[in-house]
Amino acid sequence: MDSPFKTVALIGKPHHEGANQTLTGLHHYLTTRGFRVLVESRVAHTLGILDENVMDLVQLGEQADLAIVVGGDGNMLGAARVLSRFDVAVIGVNRGNLGFLTDLSPQDYLMPLEQVLSGHFKSEHRFLLEAAVYRHGERKASNLAVNEAVLHPGKIAHMIEFEVYIDGSFMYSQRADGIIVATPTGSTAYSLSAGGAILTPKLNAITLVPMFPHTLSSRPIVLDADSEVRLLVSPDNQDDAMQVSCDGQVTLAVHPGDEILIKKSQHKLHLVHPLDYSYFHVLRNKLGWGSKLF
């Protein structure tokens, strides 16, 4: 097959029967068509693949032209935080629940995938956020987020106090269960459940959504994505187990008096879609919106 992609990586949901079936089918399909197929190590262990093409996510990102992620949005998010550091295109086969980021149906993925492999696809880039925790001016921890970075208490939800600064200017103080800072990609995830607006993917914007604020006047706000968000945690907070959660998968420890800086990352996730992909079709399908009346 004449393809813009020569090396394809397979990443998946370990120990999931449906995902394993799809991964096995993909491995056979790609190898018989002459692609070099790299397999993420956990997937390879589950499928019993033992050769020189088994490697970790960083090695996949360094060598692959295209990565196929089989699983749900959680699997895509975990892979995306690593693959965004490399110039690798990413597409997903949905073996999860909602699947906002995984386009292809597990029952009918070969035809649209063949179109993508032959060079007929839509391409887009989604920006990520970088969240960093500072303590007494020293950077203690940082990570990337595709969907959102969330400041919240530790194990039990309760009110915390913090201030919010945008590009160095004081915006407001909050008594709340936390705050969500979401990308357009993440605007249909945790942010949406908390009452935030849906941001279409091409917007250069982020949204701040307070979680159960202790005032009715506190509302979500949409900001320029090139803004720097600084969260200053009150030193009077009694909770020493606060966290910043990145995509609900990676947590950074936060103590009273800490500062959290959240800004757009230099890395972007390169997504590819079949030609018939429509973001609004995804919204209608996933959110149960009404179909056309006439």
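Shape call for region 5-66 from the C-alpha gyration tensor, a ≥ b ≥ c root eigenvalues: rounded (a/c under 1.5), prolate (a/b greater than b/c) or oblate?
Numbers: a/c = 1.74, a/b = 1.22, b/c = 1.42.
Verdict is oblate for region 5-66.
Please state the shape class of region 165-294: rounded when a/c is under 1.5, otherwise prolate if a/b exceeds b/c and oblate if not, all from the C-alpha gyration tensor. The partial results should precede the final answer.
On the way: a/c = 2.19, a/b = 1.79, b/c = 1.22.
Prolate, because a/c is 1.5 or more and a/b exceeds b/c.
Do you know the Lys pair count in the chain for C-alpha distances under 21 Å, with sequence separation 8 or more or different chains?
Final tally of qualifying lysine pairs is 12.
Mind checking region 187-294 for trypsin sites (Lys or Arg not before Pro) that DSSP puts in a loop (not H, G, I, E or B) and that have at most 15 other Cβ atoms within 10 Å?
Details: sites: Lys202, Arg230, Lys263, Lys264, Lys268, Arg284, Lys286, Lys292; in loops: Lys202, Lys292.
The qualifying sites are Lys202, Lys292.
On the accessible surface of region 175-268, probed at 1.4 Å, how many percent belong to carbon and sulfur atoms? Working shown, then result.
On the way: 2160 of 4310 Å².
Within region 175-268, the accessible surface is 50 percent carbon and sulfur.
Considering Cα pairs under 8 angstrom that are at least six residues apart, work out the relative contact order of region 120-193 and quote it in whole percent.
Details: 104 pairs, mean separation 20.5, N = 74.
Reported relative contact order: 28 percent.
Compute the accessible area per residue over the chain, keeping the other protein chains in place, probe 1.4 Å, unit Å². Don't jump to the answer; show the numbers that get you there.
Values: 13990 Å² over 294 residues.
Result: 48 Å² per residue.
For region 208-269, just say rounded, prolate or oblate: build the C-alpha gyration tensor, square-root its eigenvalues into a ≥ b ≥ c, call rounded for a/c under 1.5, and beyond that prolate if a/b exceeds b/c, oblate if not. If you can, show how the numbers build up before the last one.
Values: a/c = 1.80, a/b = 1.18, b/c = 1.52.
It comes out oblate by the Cα gyration axes.
Measuring from the lowest to the highest alpha carbon on each principal axis, how far does the chain reach, largest first, in angstroms?
Principal-axis extents of the chain (Cα, largest first): 62, 54, 32 Å.
The values are calculated or read from the model by the stated rules, or taken from the named source; none is laboratory data. Since we're looking at a predicted model, the values are computed, not measured. Quick reminder, even Gly has a Cβ in these numbers, built from the backbone with ideal geometry, and neighbours come from all protein chains shown. These accessible areas exclude ligands, DNA and RNA; they are computed on the full protein's heavy atoms, side chains included. Shrake-Rupley method; radii C 1.70, N 1.55, O 1.52, S 1.80 Å.
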